[in-house]
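A.B. asks: Handing you a structure now.
Since every read-out is calculated from the coordinates, none of them should be taken as a lab result. Just so you know, these numbers come straight off a predicted model, no measurement behind them. Here the Cβ positions follow ideal geometry from the backbone for every residue, glycine too, while neighbour counts run over all protein chains shown.
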């Protein structure tokens, strides 16, 4: 992972940074990702998904919701997390999830 491509004392708009399409699995809505690099040993990136439903098995991750809304069903724990802009969320590696996005969701993620 390259070092974060951001000069000291500068700004990167996370709302407008260009993302690349990714395959989020069969039946998943359009999904995009941009790995921004790393800061120390932490990987940093931006992820976005259009409204719809997708399932995943999570990596260890901390993220901030920048835009959009949805629900993350924690399948093994039989509970849900409602998420909206400004929320800080922690997901543990191996957690099986179902994401139901109701408004295009964009997040800044940090992963070890």
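A.B. asks: Considering the zone a paramagnetic label at residue 62 would reach in this model (a point 7 Å from Cα along the Cα-to-Cβ line), which residues of segment 70-97 have amide N under 15 Å from it?
C.D. replies: 87-93, by backbone N distance to the label point.
A.B. asks: Okay, moving on. On each of the three principal axes of the Cα atoms of the chain, give max minus min coordinate, whole Å, ordered largest first.
C.D. replies: The principal-axis extents, from largest down, are 43, 26, 25 Å.
A.B. asks: Starting from the Cα-Cα distance between residue 41 and residue 12, subtract it from 0.36 nm times their residue separation and give me the gain in nm to one decimal.
C.D. replies: 8.4 nm
A.B. asks: Which ordering of 41, 80 is given by a fewest-first count of other beta-carbon atoms within 10 Å? All intermediate terms of the calculation are to be shown ahead of the outcome.
C.D. replies: Values: 41 8, 80 14.
Starting with the residue having the fewest Cβ neighbours, the order is 41, 80.
A.B. asks: Which residues does a label at residue 50 reach in segment 12-33, if reach means a backbone N under 19 Å from a point 7 Å past the Cα toward the Cβ?
C.D. replies: 16-33, by backbone N distance to the label point.
A.B. asks: Let me ask you something else. Taking neighbour Cβ counts within 10 Å as the exposure measure, how do 87, 78 sort from fewest upward?
C.D. replies: 78, 87
A.B. asks: Where a ≥ b ≥ c are the square roots of the eigenvalues of the C-alpha gyration tensor, would you call segment 70-112 rounded, which needs a/c under 1.5, or, failing that, prolate if a/b is larger than b/c, or oblate?
C.D. replies: Because a/c hits 1.5 or more and a/b fails to exceed b/c, segment 70-112 counts as oblate.
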